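Here the structure comes first, spelled out in structure tokens, and everything after it is commentary.
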Amino acid sequence: MTALGYLQRPVLAWREITAADIAAVHALHLAATEVVGRPDLIRPESRSFFEKIVAAAGKIIGVFDETGLRAYGVLQWDLSFEEDPYGPLGLGPGDGLAKLAGTAVRPSAWGQGLHRQLIAWRIIEARRLGFRHLYATSAPGNARSWTNLMDEGFRVRAVKEQYGGHLRYLLARPVDKQADADTNGDWCEVADIGRQRDLIASGREGAAWRAGKDGHAILYVPRP
Ligand SMILES: CC(C)(COP(=O)(O)OP(=O)(O)OC[C@H]1O[C@@H](n2cnc3c(N)ncnc32)[C@H](O)[C@@H]1OP(=O)(O)O)[C@@H](O)C(=O)NCCC(=O)NCCS
């Protein structure tokens, strides 16, 4: 990068979101969701959800630039108001499970890798706080979201209908790194929900992805 390039790079400040920032977090959530234009792909959050997180249920990391909040990511550990997070993962309340519970990047800053950085920050923070497992939900149709989670070590463990009947991958990873996946598995079209459900029901999981010819994501399911 040239010296001018460095000068043009925005200075980003990372800090925890406080109650005073909630309006900005909610506004960014609404703005990013509107640009995606598919309400079925992103769970709509109320302002009170973010207030509850900051008060005690978790924490939110924010990335700020000279114009304000550029991105945020939610780490939630009070899972009492979530739809059964434990059953499909074979875990219980004593197993140290926390959730990556939503994220948004200002649309003008999309494509700069901030989402992966927000995921990585929350994995490190969860480890520091003593959690042992993390999970997240993501719509199969929101490939930008789940491919970044998979690139940060999350695996597809279930395909569920959630949040009022919308399809969601349930993705999870241990906080510590897990063993590499087998390389002789199956590639599965994301649109083929039935096949993915069958493979997962036989004890397998989605461990990686690749872009198909037209750029759409295809899920890799290794052999157990
Ligand atoms: C999903 C999201 C967090 C990804 O954030 P991000 O930091 O931009 O992620 P990336 O940098 O990996 O970019 C993802 C892809 O967005 C696309 N993209 C980049 N710039 C874009 C733009 N200006 N317009 C449209 N798409 C763009 C690209 O396909 C990019 O991948 P590529 O650079 O490898 O081609 C962000 O798109 C977002 O805020 N979406 C709305 C909220 C949401 O879906 N949250 C997740 C579920 S809660």
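The values are calculated or read from the model by the stated rules, or taken from the named source; none is laboratory data. Bear in mind the structure is a predicted one, so any value in this text is a computation, not a measurement. Every residue, glycine among them, receives a Cβ derived from its backbone with ideal geometry; neighbour counts consider all protein chains shown. Ligands, DNA and RNA are stripped out before the accessible areas are found, and what is left, the full protein with its side chains, is counted by its heavy atoms. Shrake-Rupley method; radii C 1.70, N 1.55, O 1.52, S 1.80 Å.
What the table below lists for this structure:
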| item | result |
| --- | --- |
| Globularity index of the range 181-224, i.e. its alpha-carbon radius of gyration over 2.2 N^0.38 Å | 1.09 |
| C-alpha center-to-center spacing [the range 6-51, the range 145-224] in angstrom | 26 Å |
| Size of charge dipole - the chain - debye, nearest 20, with Cβ of Lys, Arg +1 and Asp, Glu -1, no other charges | 320 debye |
| Taking the chain and dividing mean pair separation by its residue count, relative contact order in percent (alpha carbons under 8 Å, at least six apart) | 15 percent |
| Relative contact order (%) - criterion: Cα under 8 Å, at least six apart; region: the range 181-224 | 51 percent |
| For E66, net neighbour charge (Lys/Arg +1, Asp/Glu -1) across residues whose Cβ lies under 15 Å away | +3 |
| P(r) histogram, all alpha-carbon pairs of the chain included - 5 Å bins from 0, percent | 1, 6, 14, 18, 20, 17, 12, 7, 3, 1, 0 |
| Calculated FRET efficiency for the pair S202/S48, C-beta based, R₀ 45 Å, to 0.05 | 0.65 |
| Neighbourhood net charge (10 Å Cβ-Cβ; Lys/Arg +1, Asp/Glu -1) for E205 | +3 |
| Reach of K99 by Cα under 25 Å, taken over lysines that are not fewer than 8 positions away in the same chain | K52, K59, K160, K177 |
| Solvent-accessible area, 1.4 Å probe, carbon plus sulfur percent, for the range 121-224 | 48 percent |
| Fluctuation leader among A55, A172, A158 - the chain, Gaussian network, Cα springs under 10 angstrom | A55 |
| Cβ-defined net charge surrounding I17, 12 Å radius [Lys, Arg +1; Asp, Glu -1] | -1 |
| Accessible area in square angstrom per residue, the chain, 1.4 angstrom probe | 50 Å² |
| Extreme residue, positive dipole direction of the chain, given options G58, A20, A126 (C-beta unit charges) | A126 |
| Check: the range 85-180 dipole with +1 on Lys, Arg Cβ and -1 on Asp, Glu Cβ, in debye | 120 debye |
